[in-house]
């Protein structure tokens, strides 16, 4: 798939919380096709201390509006600088990068999409693509508290939404792998993205239940093109570059101790 390095225009910058901003981006010509699970590498021009690009998942792609959305979590100086962007500003992006989640293989397939924190971002796009296939997935979303759960209304338009919060402020209290849905329903396949301990717990559940599972890894990435080798993950196929060979891997490829 062809890659682009371009200045995209900010359509809007919506502050969803004190540390999360939804950036909607466009360009004059039509944006290229994208797949759920792919990501962009953004240049943080507003931070003098940030020299490398930052990888951010594609949250949503709307070809009708010619918009690509990215959900930014303000963690360091680079991502914090993106919080200051406003409509009309330019953001230099390399996109679309990486591989993608496997979509439905048949109309009656039961898919569970599990996300934690800002790891929910690529699952919204995945849900949209599944909806276009005529499949209604289930979303299991976890966060520390209710204020950290983002885009719930959009997720509810695409599938059945189940929630956990660590403080019990919304949904069931605890972690995603403690949710009662995992005992009450069965699934054909699971896709997950979020903190590594959460994904390992999801992978453990999937492995024990003999459910096919894909995980989108969030290793440190610098170039996004497979050149710098800082994102290498040990797998059954040797050392693979998460930015180039991933970020989505079947859990059977990963050497996680689950």
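Would you calculate the separation in nanometres between label points at residue 250 and residue 188, each defined as 7 Å from the Cα along the Cα-to-beta-carbon direction?
Rounded to a tenth, the inter-label distance reads 1.6 nm.
Rounded to the nearest 500, what is the chain's calculated 222 nm mean residue ellipticity when only DSSP H runs of at least 4 contribute -39500 (n - 2.57) each, over all residues?
It lands at -4500 deg cm²/dmol.
Tell me the relative contact order for the chain as a rounded percent, counting alpha carbon contacts under 8 Å between residues six or more apart.
17 percent
Pairing the Cα long axis of helix 121-132 with the longest principal axis of the chain, what angle in degrees results, from 0 to 90 and rounded to the nearest 10?
The answer is roughly 70 degrees.
Using a Gaussian network model of the chain with C-alpha springs under 10 Å, which one of 94, 58, 120 is most mobile by mean-square fluctuation?
Between 94, 58, 120, it is 94 that shows the largest mean-square fluctuation.
For segment 126-258, state the semi-axes of the equivalent ellipsoid (square roots of 5 times the eigenvalues of the alpha-carbon gyration tensor), sorted largest first and rounded to whole angstrom.
With the √(5λ) rule applied to segment 126-258, the semi-axes are 27, 17, 16 Å.
Treat the count of other C-beta atoms within 10 Å as a stand-in for reagent exposure and order 155, 51 from fewest to most.
51, 155
Report the percentage of all Cα-Cα pairs in segment 4-97 whose separation exceeds 17 Å, rounded to a whole percent.
43 percent
Label segment 57-149 by shape, choosing from rounded, prolate and oblate, from the square roots a ≥ b ≥ c of the eigenvalues of the Cα gyration tensor; if a/c is under 1.5 it is rounded, and otherwise prolate applies when a/b is larger than b/c, oblate when it is not.
Oblate.
Please express the shape of the chain as an equivalent ellipsoid: the semi-axes are the square roots of 5 times the eigenvalues of the C-alpha gyration tensor, given largest first in whole angstrom. Each step should come with its number before you reach the end.
Values: eigenvalues 153, 86, 67 Å².
One finds semi-axes of 28, 21, 18 Å for the chain.
Can you give the extra length, in nm with one decimal, that the chain gains between residue 172 and residue 147 once fully stretched, where that is 0.36 nm per residue apart less the Cα-Cα distance?
Additional length available on full extension: 7.5 nm.
So if each residue of separation counts as 0.36 nm, and I subtract the Cα-Cα distance between residue 4 and residue 132, what length gain in nm does that give?
Length difference between fully extended and current span is 43.5 nm.
Give me the angle, in degrees from 0 to 90, between the Cα long axis of helix 196-208 and the longest principal axis of the Cα atoms of the chain, rounded to the nearest 10.
Taking Cα atoms only, the helix is inclined about 30 degrees.
For segment 71-154, what is the relative contact order in percent, using Cα pairs closer than 8 Å and at least 6 residues apart in sequence?
26 percent
I need 245, 45 ordered by Cβ neighbour count within 10 Å, fewest first. Intermediate values should be presented prior to the final figure.
Working: 245 20, 45 16.
Ascending number of Cβ neighbours within 10 Å: 45, 245.
Each label point is 7 Å from the Cα along the Cα-to-Cβ direction; what then is the distance between the points at residue 257 and residue 18, in nm?
Distance between the two pseudo-spin positions: 3.7 nm.
Where a number appears in this text, it was derived from the coordinates with a stated rule and is not lab data. Just so it is clear, the model here is predicted, and its values are computed rather than measured. All Cβ positions, glycine included, derive from the backbone under ideal geometry; neighbour counts span all protein chains shown.
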